[in-house]
1. Test F662 against the stated conditions and say whether it is of a type in the set (F, W, Y) and open to solvent by less than 30 Å² (accessible area, probe 1.4 Å).
2. What about R173, is it within 16 Å of the ligand (Cβ to nearest atom), among the charged types (D, E, K, R) and modelled with pLDDT of 95 or more?
3. Report yes if some residue within region 120-131 is more than 16 Å from the ligand (Cβ to nearest atom), at pLDDT 95 or above and in contact with a Pro (Cβ under 6 Å, 6 or more places away or on another chain); otherwise report no.
4. Checking V329 against (1) in contact with a helix residue (DSSP H, G or I) (Cβ under 6 Å, 6 or more places away or on another chain); (2) within 13 Å of the ligand (Cβ to nearest atom), only one condition comes out false. Which one?
5. Exactly one of (1) assigned to a helix (DSSP H, G or I); (2) within 22 Å of S237 (Cα to Cα) is unmet by I148. Its number?
6. For region 244-263, give me the residue count where each residue is within 16 Å of the ligand (Cβ to nearest atom) and not in a loop (DSSP other than H, G, I, E, B).
7. Quick one: how many residues across region 294-306 are surrounded by 24 or more Cβ atoms within 10 Å (Cβ to Cβ) and of a type outside the set (G, A, S)?
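The values are calculated or read from the model by the stated rules, or taken from the named source; none is laboratory data. Owing to the predicted nature of the structure, the values given are computational and were not obtained by experimental measurement. With ideal geometry, Cβ positions are generated from the backbone for all residues, glycine too; neighbour counts draw on all protein chains shown. Note: accessible area is taken over every heavy atom of the protein model, side chains too, but ligands, DNA and RNA are not part of it. Shrake-Rupley method; radii C 1.70, N 1.55, O 1.52, S 1.80 Å.
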Amino acid sequence: MKNKGLNILMMLLISSITVFGQSPKAKKPTPQYKDPLDRKVDSVLAKMNLDEKIGQLTLFTSDWDVTGPTIRKGYADDIRSGKCGNIFNAHTADYNRKLQEIAMKETRMKIPLLFGYDVIHGYKTIFPIPLGEAASWDMTAIERSARIAAEEASAAGLHWTFAPMLDISRDPRWGRCTEGSGEDVYLGSLIGAARTRGFQGKIGSTSSVVACAKHFAAYGAAQAGRDYHTVDLSDVSLWETYLPPFKACVDAGALTFMTSFNEINGVPSTANKPLLTDILRKKWGFKGFIVTDYTSINEMVNHGNVADEKEAGEKSINAGVDMDLQGAVYYNYLKKSLAEGKVSQLTVDNAVRRVLKLKFQLGLFDNPYKFSDTEREKRVVFSKENREAARDMARKSIVLLKNDNMTLPLSKNKTIAVVGPLADSKIDLIGSWSGAGDGNACVSLLEGIKKAAPSATIMHAQGCDLENNFPSMNQPKLSMDGFAEAIRITKQADVVVVAVGERGWMTGEAACRADITLPGVQKDLILELVKTGKPVVVVLLNGRPLAIPEVADKATAIVEAWFPGTEGGNAVADVLFGDYNPSGKLPMTFPRSVGQVPLFYCEKNTGRPFDANNKYTSKYMDMANTPQYPFGFGLSYTTFSYENLSADKPMFGFNDKITVSFTLKNTGNRDGEEIAQLYVRDLVGSITRPLKELKRFQKVLLKAGESKVISFTLTTDDLAFYHPNLEKKAEAGDFDIMVGGSSDAVKTVRVTLK
Ligand code: NOJ
């Protein structure tokens with residue numbers, strides 16, 4: 001009651017100020033527009049009724065039929081009445097033109113529709129999963145991959161992709177780690193920016209696809225690695241680990257953001273005003289619009305921070321969410337909320353302004369059909385050049401984890417047994433979130449091997465099956481009946497290549513696994529093949545780090561190929577036969593066991609660091625602390641040495657720079673590329689600092705025997721960190737600067753910041 005009284009008093013005061021401050025007849029001041037597009041936006045806005053405004057804040061899916069997209073009658077009517085201004089999941093130039101025609105010919109306002117789609121790692125030509133691409137550490141290749149995806153998607157009538165996914169993830173149980181860039185903030189930020197640039201290209205051109213930085217924020221920190229689960233973390237962690245990739249995308253020009261499903265410290269992201277308005281818009285200067293992740297407004301009722309969907313909608317729009325994806329909350333309740341004064345007209349108008357502005361930026365008001373060009377679609381989508389680029393990206397993504405006795409590369413004149421449930425699979429190679437990708441158009445590993453080595457004798461046996469659908473996971477063991485044939489052909493061969501891993505659907509959204517070992521009886525198959533005494537080359541096709549301790553121990557060679565995309569079989573064969581010398585490095589730690597998770601390289605030292613001779617130190621009784629394969633690790637068919645590490649000065653000031661240099665030498669007898677990494681440790685901080693943080697890297701091509709001096713320059717900003725008051729600054733003191741070819745194999749030089 002007290003509050004109500006106060007509110008009325010405030011309203012009287014405000015209205016009296018308005019009455020006394022301005023004569024009722026005074027003309028409204030003409031707004032000054034810095035950007036001419038804003039004037040255009042306002043001239044459209046001025047003519048819109050409330051239903052049409054809410055329509056611009058509404059995004060509905062088209063229905064997807066087996067024969068292609070067909071829009072549900074209800075949605076077509078919503079477009080017609082102006083109550084739905086944006087559509088996702090509809091694609092192909094022809095089909096989207098038909099939908100656009102409804103908006104342009106049958107609506108009162110003739111505002112073009114915006115078409116969105118999850119183009120995550122390719123539209124039709126599917127590139128490796130994002131986690132795989134991240135293993136290339138190659139920003140040029142990653143940007144190119146996103147550019148090609150955008151060229152194909154835009155030719156198929158699309159304006160907007162729900163990518164890049166920027167969620168730092170340190171938990172391989174979480175199925176969505178497949179869609180991100182792994183565990184590291186620096187690498188993840190560079191990749192996010194590269195993807196944003198790649199998708200968007202030149203905004204306004206016919207091949208530009210608007211990026212959507214998602215999922216804002218900290219979705220990858222879900223407790224227990226379970227999708228959609230609670231996130232509870234300190235402000236310092238949020239700022240230091242989870243926010244930087246998003247900031248990098250704002251700086252790279254990302255024009256839209258998507259909220260995440262999770263709550264952070266009790267507040268669902270979709271209602272998180274400090275996050276969406278204070279940080280994203282005000283602090284970072286983001287000018288685009290914010291969309292929900294699917295029904296994340298509605299889901300607040302389950303979260304328990306609102307009583308009903310109407311209140312959820314009010315909280316969302318007041319927090320800064322402009323567009324409701326599929327939830328129909330704005331559609332159903334926003335009018336009422338406005339009438340009740342729970343949401344202001346200005347809030348709605350500003351949200352509509354942002355959506356209209358994007359449509360103007362894309363040039364849709366001038367030519368709503370500019371992305372619906374069937375000729376271009378035929379020419380661009382799935383072109384030979386795009387497939388070639390996908391093959392190149394896939395090769396760059398492959399990480400060689402083990403290679404005893406230089407078993408790899410294989411000779412092309414040998415007898416090779418190709419075994420495993422994924423050896424002849426096509427559909428699995430494109431992984432999850434594979435857009436309009438067609439599994440049948442994929443090159444399987446078996447096909448790739450046969451093509452690459454026509455003079456080899458190739459024998460094939462599946463060996464065992466792999467679960468085919470979700471309910472069967474972890475059910476009673478699959479049959480081992482196929483082992484006998486696999487063993488028989490292996491005995492006749494010089495070497496066996498075993499393709500194992502996960503099915504595409506085993507990673508991605510809602511695809512978490514509490515057990516991250518090889519599913520089914522695949523490990524048993526490998527161990528049986530090892531008993532033949534023949535070299536066993538394991539090719540892993542998977543979307544997350546797996547725990548494979550026995551395989552790591554017993555297999556002769558291991559090639560991590562991720563889900564490599566449409567050209568996967570060719571790319572893996574290029575590596576197996578040495579037509580391409582692998583250079584990928586892990587973007588995410590491979591644990592020995594799920595029990596070590598979360599396990600990541602930039603951990604803290606603790607007060608009782610590991611000491612094998614002291615029980616009361618930080619360790620497990622039944623397992624090492626160390627990972628199976630650390631972040632940054634990956635072998636080549638050649639070897640590299642890091643020598644003569646030095647800093648240009650032992651001490652430097654706050655406005656100074658420091659340059660460290662070292663000699664990188666190719667010590668083997670093949671040309672090869674090395675990803676040289678630089679890590680930093682702040683030895684004493686006012687709050688504790690990680691043991692290592694990646695700050696620079698460079699991919700260097702060296703001929704056999706060649707060496708090069710590599711230099712990295714750091715500023716104090718590279719040494720700065722967030723303090724509890726969220727100020728980011730460096731502190732004076734000693735720093736270890738480490739360089740090497742993996743996070744666990746480094747050489748160190750100590751410098752002092754004064
Ligand atoms: C839900 C997913 O979390 C999000 O990543 C995706 O973009 C939307 N669905 C739309 O498909």
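1. yes
2. no
3. Yes.
4. It fails just one condition, (2).
5. Only one criterion in (1) assigned to a helix (DSSP H, G or I); (2) within 22 Å of S237 (Cα to Cα) is unmet by I148, namely (2).
6. Within region 244-263, residues that are within 16 Å of the ligand (Cβ to nearest atom) and not in a loop (DSSP other than H, G, I, E, B) number 8.
7. 2
Listed here are the residues, each with its yes/no results for (1) open to solvent by less than 20 Å² (accessible area, probe 1.4 Å); (2) closer than 15 Å to P130 by Cβ; (3) within 16 Å of the ligand (Cβ to nearest atom); (4) not in a helix (DSSP H, G or I).
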residue	(1), (2), (3), (4)
C177	yes, yes, yes, no
I203	no, no, no, yes
S207	no, no, no, yes
A224	no, no, no, no
D227	yes, no, yes, yes
